[in-house]
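For reference, the structure is listed below as structure tokens.
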Amino acid sequence: MINEGNWNEVTGMIATNLFKLFLSFSALFSYVDFEQPSNTIEVSELSGTSVSVESKTYKEDFLVYPQVTNMKDQNVQGKINEVFIAHIKSSYEGYLKLKNEMEKFKEEDKEHCKEFPYSCEYSYITSYEVKYNHDGKLSVLIYDATYSGGAHGIEPVTIYNFDTQTGDRYTLKDIISNESKFASLTAYVKKYIKENQDLFFDEEMIGDFAVNDQTQFYFTDSGIDLLFQQYEIAPYAAGHPTISIPSSEL
């Protein structure tokens, strides 16, 4: 039985294992605060430049994912939707794994759960947010938020950027004008972090950070925003830090 004296050690182990789980889980999808993303339908405001996006659930009400609808080219629509379906299926697998592990923990230590019921609670919520939907570009963020009885949960986010004319996904390499720009973008980000040190880890903790083709981003009216995972370059309180990059830097 776990007593109060070593409970901190147990919760630390659980949090560490869950964090490792979701790092590997996020790798299955080719890639600030717990702000609740919007799941409302995104209807085109400018004919021909946007697509309609609607919410669907997968097996559970708390597993919500997007689907594009009413596109003229059904092949492109299917191509985009297949990516979202693959993500939600992996989310469901992640939910089942968390559920099985937590239920096993509750069964093995009933007395502890009776004494500290909050420590045996858990949840898994998948939601999404449409960040950009104009000019043939669609940026969608999918959040997989989990809680397992600790001080707070974790919320990996995966960004999908699509060309809605072809259904192909964008990476940074597709919008960076030349390879040398990656170095200049890295310098730009490091300068921003240094100038806003109260929001980020210090330079030693960030280490050999560099912007590359796998860095997550979404489109904006003025360029792109780079987005980072919790704890990647900043403390938990910073949520998912974003750094805006103007078009002139691309």
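Yes/no per residue for (1) of a type outside the set (F, W, Y); (2) under 17 Å from N212 (Cα atoms):
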residue: F105; (1), (2): no, no
residue: Y122; (1), (2): no, no
residue: T126; (1), (2): yes, no
residue: S139; (1), (2): yes, no
residue: N161; (1), (2): yes, yes
residue: T171; (1), (2): yes, yes
residue: E179; (1), (2): yes, yes
residue: V189; (1), (2): yes, yes
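Hey, among E111, E82, E60, E107, which residue is among the acidic types (D, E), more than 23 Å from F228 (Cβ to Cβ) and open to solvent by less than 80 Å² (accessible area, probe 1.4 Å)? Selected residue: E60, the only one of E111, E82, E60, E107 that is among the acidic types (D, E), more than 23 Å from F228 (Cβ to Cβ) and open to solvent by less than 80 Å² (accessible area, probe 1.4 Å).
Contact map, segment 120-138: residues that are under 15 Å from D163 (Cβ atoms) and of a type in the set (K, R) paired with residues that are open to solvent by less than 60 Å² (accessible area, probe 1.4 Å) and assigned to a strand (DSSP E or B), Cβ distance under 8 Å, separation 6+ or inter-chain. Pairs shown: K137/N161; K137/F162; K137/D163; K137/F219.
Filtering S184, S177, S222 for residues that are of a type in the set (S, T, Y) and touching a Pro at 6+ places or on another chain (Cβ under 6 Å) leaves a single hit, S222. Checking the condition more than 15 Å from Q216 (Cα to Cα), modelled with pLDDT of 95 or more, in contact with a strand residue (DSSP E or B) (Cβ under 7 Å, 6 or more places away or on another chain) and outside any loop (DSSP other than H, G, I, E, B), which residue from S139, S127, S90 passes? Being more than 15 Å from Q216 (Cα to Cα), modelled with pLDDT of 95 or more, in contact with a strand residue (DSSP E or B) (Cβ under 7 Å, 6 or more places away or on another chain) and outside any loop (DSSP other than H, G, I, E, B) holds for just one of S139, S127, S90, which is S127. Assess whether K137 counts as being crowded, with 16+ Cβ neighbours inside 10 Å and basic (K, R). Yes, satisfied.
Please determine whether any residue of segment 150-158 is aliphatic (A, V, I, L, M) and part of a loop (DSSP other than H, G, I, E, B). Taking every residue of segment 150-158 in turn, at least one turns out to be aliphatic (A, V, I, L, M) and part of a loop (DSSP other than H, G, I, E, B). For segment 187-200, the criterion of being within 17 Å of the chain's Cα centre (by Cα), hydroxyl-bearing (S, T, Y), open to solvent by less than 80 Å² (accessible area, probe 1.4 Å) and modelled with pLDDT of 85 or more is met by none of the residues.
Looking at E103, E82, E107, E115, just one residue is acidic (D, E) and modelled with pLDDT of 95 or more, and that residue is E82.
The single condition among (1) in contact with a strand residue (DSSP E or B) (Cβ under 9 Å, 6 or more places away or on another chain); (2) open to solvent by 30 Å² or more (accessible area, probe 1.4 Å); (3) more than 25 Å from D61 (Cβ to Cβ) that E121 does not satisfy is (3). State yes or no: is Q214 within 30 Å of Y95 (Cβ to Cβ) and either touching a strand residue (DSSP E or B) at 6+ places or on another chain (Cβ under 6 Å) or modelled with pLDDT of 80 or more (or both)? Judged against the criteria, Q214 is a match.
The values are calculated or read from the model by the stated rules, or taken from the named source; none is laboratory data. Please read these numbers as outputs of a predicted model, since none were measured by experiment. FYI the Cβ positions are ideal-geometry reconstructions off the backbone, even for glycines, and counts take in every protein chain you see. Heavy atoms of the whole protein, side chains included, go into the accessibility calculation; ligands, DNA and RNA do not. Shrake-Rupley method; radii C 1.70, N 1.55, O 1.52, S 1.80 Å.
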